[in-house]
Amino acid sequence: MTKFLIFILSISFMQCKSQVDMNTVPSENKRIKQDSIIKKYVTNCAEKFNYKYQMIEWQNCLDEGLKVDSTIAYLWQQKAMPYFKARKYEVGMIYLDKAVFYDSRRWLSYRAFIKCIFAKTYQDAIIDFEKCIDTEGNSYVMDHTYQFHIALCNLQLNQFKKAETIFSKDIEEQEKEWGEAHYLDLFYYGISKYEQEKWKEAIVEFDKSLKQYPNFSEVKYYKSICLLKLNDLENSKILYQQSKEDGINGHSINEDNSIYETYPYQVRW
């Protein structure tokens with residue numbers, strides 16, 4: 001009886017293993033096939049054109065690829081991306097939603113970022129970022145944590161105390177991991193205090209940011225206002241003039257996407 005049971009279990013194991021092997025092979029074949037489609041229709045077609053003034057050609061290449069396989073999330077994301085940079089947010093979001101549908105793990109955080117910085121639909125961005133945190137923790141998108149972006153959204157929704165709390169915790173975690181927080185995080189943390197009229201506390205964070213980026217014009221601009229509020233008129237005037245000179249010389253928020261979008265609290269001189 002025991003030998004018979006072992007025999008049955010062995011057969012069952014081999015059947016399960018065979019089934020698993022049969023299931024993984026098509027998946028690998030599909031990935032290889034999709035990579036070849038991406039190479040053909042993105043690398044060797046769309047990328048031959050500049051989407052800024054050859055949008056039709058760019059989109060035609062991607063559409064041809066989608067005719068072959070409409071489940072490739074990267075093709076949908078590539079269709080979406082130029083529209084966001086052209087500030088056609090609703091058009092782009094139609095395609096980006098498709099990318100998230102087919103590969104949410106890769107593209108959900110990107111969509112959240114787009115909603116935060118480009119489309120400026122902050123409540124929706126927070127929802128997406130919270131989903132990302134639920135599945136992968138407080139990871140990064142575009143060089144900043146998910147919590148940083150959630151705090152930034154709260155700043156834009158005038159939830160200043162909530163933003164301050166989130167920035168504080170996120171900065172503490174960065175300091176434990178990296179030794180210091182990013183100067184942009186420190187700037188916005190200072191802004192969360194500035195908006196609550198915590199002038200001296202805001203200056204503390206602004207000074208930390210300036211230690212890393214001494215010509216950061218926005219930091220000097222908002223710090224000059226804090227000094228004005230504290231009746232330090234002379235230093236406020238000097239710092240304001242410095243901020244203006246630095247801003248005109250391009251020492252502003254220097255995120256990669258700041259060439260397409262004005263970031264929150266960014267000053268345009």
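The values are calculated or read from the model by the stated rules, or taken from the named source; none is laboratory data. The shown structure was predicted, so the numbers you read here are calculated from the model rather than taken from an experiment. With ideal geometry, Cβ positions are generated from the backbone for all residues, glycine too; neighbour counts draw on all protein chains shown. Surface areas here come from the heavy atoms of the whole protein model, side chains and all, with no ligands, DNA or RNA. Shrake-Rupley method; radii C 1.70, N 1.55, O 1.52, S 1.80 Å.
Given the structure, is Tyr265 aromatic (Phe, Trp, Tyr), over 21 Å from Glu164 (Cβ atoms) and open to solvent by less than 60 Å² (accessible area, probe 1.4 Å)?
Spelling it out, it is not the case that Tyr265 is aromatic (Phe, Trp, Tyr), over 21 Å from Glu164 (Cβ atoms) and open to solvent by less than 60 Å² (accessible area, probe 1.4 Å).
For the range 76-124, what are the residues that are within 26 Å of Glu64 (Cβ to Cβ), among the β-branched types (Val, Ile, Thr) and over 13 Å from the mean Cα position of the chain (by Cα)?
Listed by number, the residues that qualify are Val91, Ile94, Val100.
I'd like to check something: does the range 226-238 contain any residue that is under 19 Å from Glu164 (Cα atoms) and modelled with pLDDT of 95 or more?
Yes, the conditions are met somewhere in the range 226-238.
Among (1) part of a helix (DSSP H, G or I); (2) in contact with a strand residue (DSSP E or B) (Cβ under 9 Å, 6 or more places away or on another chain); (3) more than 22 Å from Asp207 (Cβ to Cβ), which single condition is Asp134 missing?
(2)
Looking only at residues that are in contact with a helix residue (DSSP H, G or I) (Cβ under 8 Å, 6 or more places away or on another chain) and among the hydroxyl-bearing types (Ser, Thr, Tyr) in the range 221-262, which one is farthest from Pro82 (Cα to Cα)?
That would be Ser236.
Looking at the range 100-110, can you tell me whether even one residue there is part of a helix (DSSP H, G or I), farther than 29 Å from Asp134 by Cβ and among the charged types (D, E, K, R)?
no
Looking at (1) within 26 Å of Glu201 (Cα to Cα); (2) open to solvent by 60 Å² or more (accessible area, probe 1.4 Å); (3) touching a residue at least 40 places away in the same chain (Cβ under 8 Å), which is the one condition that is false for Ala151?
Evaluating Ala151 over (1) within 26 Å of Glu201 (Cα to Cα); (2) open to solvent by 60 Å² or more (accessible area, probe 1.4 Å); (3) touching a residue at least 40 places away in the same chain (Cβ under 8 Å) leaves (2) as the failure.
Scan the range 79-126 for residues that are within 15 Å of Gln156 (Cα to Cα), open to solvent by 10 Å² or more (accessible area, probe 1.4 Å) and among the hydrophobic types (A, V, I, L, M, F, W, C) and jot them down.
Ala119, Ile126, listed by residue number.
Please indicate, with yes or no, whether at least one residue in the range 17-26 is modelled with pLDDT of 85 or more, open to solvent by 70 Å² or more (accessible area, probe 1.4 Å) and of a type in the set (A, V, I, L, M, F, W, C).
Within the range 17-26, none of the residues are modelled with pLDDT of 85 or more, open to solvent by 70 Å² or more (accessible area, probe 1.4 Å) and of a type in the set (A, V, I, L, M, F, W, C).
Does Ile166 qualify as being open to solvent by less than 40 Å² (accessible area, probe 1.4 Å) and more than 17 Å from the chain's Cα centre (by Cα)?
No; evaluated as a whole, the condition is false for this residue.
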